[in-house]
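Below you'll find the structure, written out as structure tokens, and then a few comments.
The values are calculated or read from the model by the stated rules, or taken from the named source; none is laboratory data. Computed from a predicted structure; not experimentally measured. With ideal geometry, Cβ positions are generated from the backbone for all residues, glycine too; neighbour counts draw on all protein chains shown. The protein model used for the area step is the full one, side chains on, heavy atoms only, and it has no ligands, DNA or RNA in it. Shrake-Rupley method; radii C 1.70, N 1.55, O 1.52, S 1.80 Å.
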Amino acid sequence: MDNIAGRKSGLVWAVHISVVVLVALWVFPTLGLFVSSFRTADQIATSGWWKAPFPSVQNLTLRAAAPETQTRDGDLYVIEGDLFDPAGTVSVSRFGVSSRAPTAFGVGESAPLRKGGRVTVDAAGHYRMTNTEPFSGRRGPRIFVTARVPPEFTLANYRNVLFDPANREGMAKAFFNTLTVTIPATVIPIVIAAFAAYALAWMAFPGRALLIAAVVGLLVVPLQLALIPLLTFHNKIGIGKGYLGVWLAHTGFGLPLAIYLLRNYMVGLPRDIIENARVDGASEFQIFVRIILPLSFPALASFAIFQFLWTWNDLLVALVFLIDSTGDTTVMTKQIVELLGTRGGNWEILATSAFVSIAVPLLVFFAMQKYLVRGLLAGSVK
Amino acid sequence: MNPALQAVVTIAIGVGGCVGYFYLSNQFLDKVLFVPRGPNAGRNINRAEMIRPWLFLLPALVALGLYLAYPVFETLRLSLSERLPGGGSAWVGLDNYRQMLGEPKFWEAMRNNMMWLLIVPAFSTAFGLLAAQLTDRIRWGNIAKSLIFMPMAISFVGAAVIWKLVYDTRPVAQEQIGVLNAIVVALGGQPHTWLTIPFWNNFFLMAVLIWIQTGFAMVILSAALRGIPEETIEAAIVDGANPFQVFFRIKVPQISGTIVVVWTTITIVVLKVFDIVFAMTNGQWQTQVLANYMYDKLFRAGDWGVGSAAAMVIMLLVTPILVWNVWNARKEMK
């Protein structure tokens, strides 16, 4: 189609550039969070994440080796060492010996130390302190440097957020809680809906059209209406707040879409197969299990992805039906909202926690995109 | 019990229970109740076939009735009554609604919700249409589509964190680490705390939802665009239409039905929008929306009456779409 009318080629570049801009706009925010989760708190606070892949000029406060390492060189006492480990990746431009004038000296110059003696720092970060008397004290003096530091990424944030048992704000427990909510809340509605969808698609009974219409209507009923009535109901029958309640709630809220998607798909299956099976004496239950379910796999997969994403990403239903005052059953979304309140400025924690919760849905998304798109089309274009 | 173990047991019981129910109830029907043999075989088969659909439907009907239909009526009742201190409730007529209508916070939520309703579906659909049209014409279009579609998989809370980083503000003397302020400063402006500027901050929150929903609109509209018959486009080009005319005069009118579907679907998402506001501003600085207002009333103020009234307002706003959907579905089935 591109070459039907020859003058279109002029537009092709414009199209490419527009798409690049669109994609960049859509990817950049997520990329920012992703990059930030691999940076230290200092790096995040002092430079934008987009500067992470480039060397940066930083003002650093470092400490020379302790006086006990001093050696004699003729009549001088000497302490030598490297400020950076490994040496050579960093280039120092200025240094200083007091916090009031951290950039007072150029590399190679000799600076007087406050407690006597002199120090010099070269561009690679090698320092040499000399004194006519022995250095005293327990710790070495501070040295302030302005240095060009290569880009650096760290996994420490993930270690802290996921694997540090002492970290009460960690995500490990919330991760498993989310998983505990998600899997039954995805599987149970599929089973229930599949049977109902088959009845609505292939069995004749009075009131069928009415029921289908009701399902379509319930598709858009906001679940906000269900919060108080159902919480009261759960308390009354003794479930209270907990996993069972949240599983039931997700099942109820997911059913209309499940039935709708599966029925639309099953109606499209070839009539011959089902009629032949009936003629051959198969029972409805056998037809359903042996023929309909295997054939409906794409639709089942579509809905499973929807429900998985929805339950994994949900906050409201978990807040109302699951998380009690002890907070033992907190899910990741709730944990992140809490961190937003208490750790609003600690981007290394926030970014890492958020990315931990985003990672699984993104994996599912990229692995099963085909089914997701198919489900969307079946659910909306009809 | 360990939650992981509990989850496994629940899946086993839940799934096993469901399958067991369906299997056993069917067996009972065929083997005990109406045996398709003997003198009454024909009558029995007919009766069994009358009952069987309801066996298949029963769990779904119970769940739908209890978790979606019953709450609508119960919420309506709650919105017309008041909780009494000792438990129980008393009928108060429209008092809750009257009280709600008198609150400035409610009107703020209404105003904001109306802006969300106008702007988010419009921009999501427009960007989605643009992205669909552009990516359909290039070789790496599928990769581009994937990337624009990706935010669909991200939770509203995750998106809130992502965008808070974009909107982050540092004092003037420091380097800005939020992209938006960095751009503003690079262009010679002053950094702003975007989320606290009344009125305009609503648009910064809407941007998050537009970012999420554009992918959805793009996927649906892209399929619709591909379904347009080639002949109509070829005819237009032969007649000398330029690409813009082809797009707006030929393509858009042919997919108008799909555009409406996308628009209404996003409208419903917007009406329920809660997490984004809850996580980013919690309704402060005049960014309240109905769903968050309702949550505030129900679970912070403990005022079930007014909270339920707010929920009924959301229901009322959804109702036209509900009716329209049902009407369309019925028309299709005839």
task: Tell me which residues, restricted to the range A:220-244, are facing chain B (nearest Cβ under 7 Å) and not in a loop (DSSP other than H, G, I, E, B).
output: A:224, A:225, A:226, A:227, A:228, A:229, A:230, A:243
task: Would you mind stating whether residue B:149 is touching a Gly at 6+ places or on another chain (Cβ under 6 Å), part of a helix (DSSP H, G or I) and under 14 Å from residue A:26 (Cα atoms)?
output: yes
Pairs where the first residue, in the range A:184-212, is under 24 Å from residue A:242 (Cβ atoms) and in the same structural domain as residue A:286 (by TED's automatic domain parsing) and the second is of a type in the set (S, T, N, Q) and surrounded by fewer than 24 Cβ atoms within 10 Å (Cβ to Cβ), C-beta under 9 Å, 6+ apart: A:184/B:10; A:188/B:10
Flag for residue B:37 being farther than 20 Å from residue A:191 by Cα, assigned to a loop (DSSP other than H, G, I, E, B) and without any contact (Cβ under 8 Å) to a residue 12 or more places away in the chain: yes
- prompt: Out of B:273, B:269, which single residue is touching a Leu at 6+ places or on another chain (Cβ under 8 Å) and either surrounded by fewer than 20 Cβ atoms within 10 Å (Cβ to Cβ) or not assigned by TED's automatic domain parsing to the domain that holds residue B:128 (or both)?
  reply: B:269
- prompt: Would you call residue A:211 open to solvent by 10 Å² or more (accessible area, probe 1.4 Å) and either at pLDDT 90 or above or hydrophobic (A, V, I, L, M, F, W, C) (or both)?
  reply: yes
query: Can we say residue A:62 is surrounded by 15 or more Cβ atoms within 10 Å (Cβ to Cβ), closer than 30 Å to residue A:158 by Cβ and more than 12 Å from chain B (Cβ to nearest Cβ)?
result: yes
query: Of the residues B:197, B:212, B:154, which is open to solvent by less than 10 Å² (accessible area, probe 1.4 Å) and either within 7 Å of chain A (Cβ to nearest Cβ) or over 13 Å from residue A:26 (Cβ atoms) (or both)?
result: B:154
message: Looking at the range A:347-366, can you tell me whether even one residue there is of a type in the set (Ser, Thr, Tyr) and closer than 16 Å to residue B:146 by Cβ?
response: no
statement: Here the residues within the range B:75-95 that are open to solvent by 50 Å² or more (accessible area, probe 1.4 Å), hydrophobic (A, V, I, L, M, F, W, C) and at pLDDT 85 or above are B:76
message: I'm trying to understand the selection: among the residues of the range B:22-34, which are outside any loop (DSSP other than H, G, I, E, B), more than 11 Å from chain A (Cβ to nearest Cβ) and surrounded by 12 or more Cβ atoms within 10 Å (Cβ to Cβ)?
response: B:28, B:33
task: Any residue in the range A:296-320 that's farther than 17 Å from residue B:269 by Cα: show its pairings with residues that are open to solvent by 10 Å² or more (accessible area, probe 1.4 Å) and polar (S, T, N, Q) at Cβ separation under 6 Å, as long as the two are six or more apart or on different chains.
output: A:304/A:186; A:308/A:186
task: Might you check whether a residue that is over 30 Å from residue A:312 (Cβ atoms), touching a residue at least 24 places away in the same chain (Cβ under 8 Å) and open to solvent by less than 60 Å² (accessible area, probe 1.4 Å) occurs anywhere in the range A:172-179?
output: no
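A quick yes/no check of all residues on (1) touching a residue at least 40 places away in the same chain (Cβ under 8 Å); (2) open to solvent by 40 Å² or more (accessible area, probe 1.4 Å); (3) in the same structural domain as residue B:308 (by TED's automatic domain parsing); (4) in contact with a Cys (Cβ under 7 Å, 6 or more places away or on another chain):
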site: B:42; (1), (2), (3), (4): no, yes, no, no
site: B:48; (1), (2), (3), (4): no, no, no, no
site: B:52; (1), (2), (3), (4): no, no, no, no
site: B:59; (1), (2), (3), (4): yes, no, no, yes
site: B:70; (1), (2), (3), (4): no, yes, no, no
site: B:73; (1), (2), (3), (4): no, yes, no, no
- line: Only unsatisfied item for residue B:98, checking (1) in contact with a helix residue (DSSP H, G or I) (Cβ under 9 Å, 6 or more places away or on another chain); (2) open to solvent by 70 Å² or more (accessible area, probe 1.4 Å); (3) in a helix (DSSP H, G or I), is (1)
- request: Please work out if residue A:269 is among the aliphatic types (A, V, I, L, M), in contact with a Ser or Thr (Cβ under 9 Å, 6 or more places away or on another chain), open to solvent by less than 40 Å² (accessible area, probe 1.4 Å) and away from chain B (no Cβ under 14 Å).
  value: yes
field: Residue ID - farthest from residue A:377 (Cα to Cα), chosen from residues in the range B:225-251 that are open to solvent by 60 Å² or more (accessible area, probe 1.4 Å), in a helix (DSSP H, G or I) and without any contact (Cβ under 8 Å) to a residue 24 or more places away in the chain
entry: B:238
- prompt: How do the pairs read when you match residues in the range B:200-212 that are free of Cβ contacts under 8 Å to residues at least 24 places away in the same chain with residues anywhere that are charged (D, E, K, R) and crowded, with 23+ Cβ neighbours inside 10 Å, using Cβ under 6 Å and keeping only pairs 6 or more apart or on different chains?
  reply: none
query: Do you know which residues across the range B:157-192 are part of a loop (DSSP other than H, G, I, E, B) and facing chain A (nearest Cβ under 9 Å)?
result: B:168, B:170, B:174, B:175, B:176, B:177, B:178
- prompt: Which residue pairs have Cβ atoms under 6 Å apart, sit 6 or more places apart or on different chains, and have a first residue in the range B:168-187 that is free of Cβ contacts under 8 Å to residues at least 60 places away in the same chain and a second that is aromatic (Phe, Trp, Tyr) and open to solvent by less than 30 Å² (accessible area, probe 1.4 Å)?
  reply: B:178/B:167; B:180/B:167
- prompt: Of all the helices (runs of 4 or more DSSP H) wholly in the range B:252-334, which have at least 2 residues that are at the interface with another protein chain (Cβ under 9 Å from one of its Cβ atoms) and under 17 Å from residue A:218 (Cβ atoms)?
  reply: B:256-271, B:304-333
- prompt: Any idea how many residues of the range B:101-146 are touching a Ser or Thr at 6+ places or on another chain (Cβ under 8 Å) and not in a helix (DSSP H, G or I)?
  reply: 1
task: Can you tell me which residue within the range B:101-130, out of those that are modelled with pLDDT of 90 or more and of a type in the set (Gly, Ala, Ser), is most open to solvent (accessible area, probe 1.4 Å)?
output: B:126
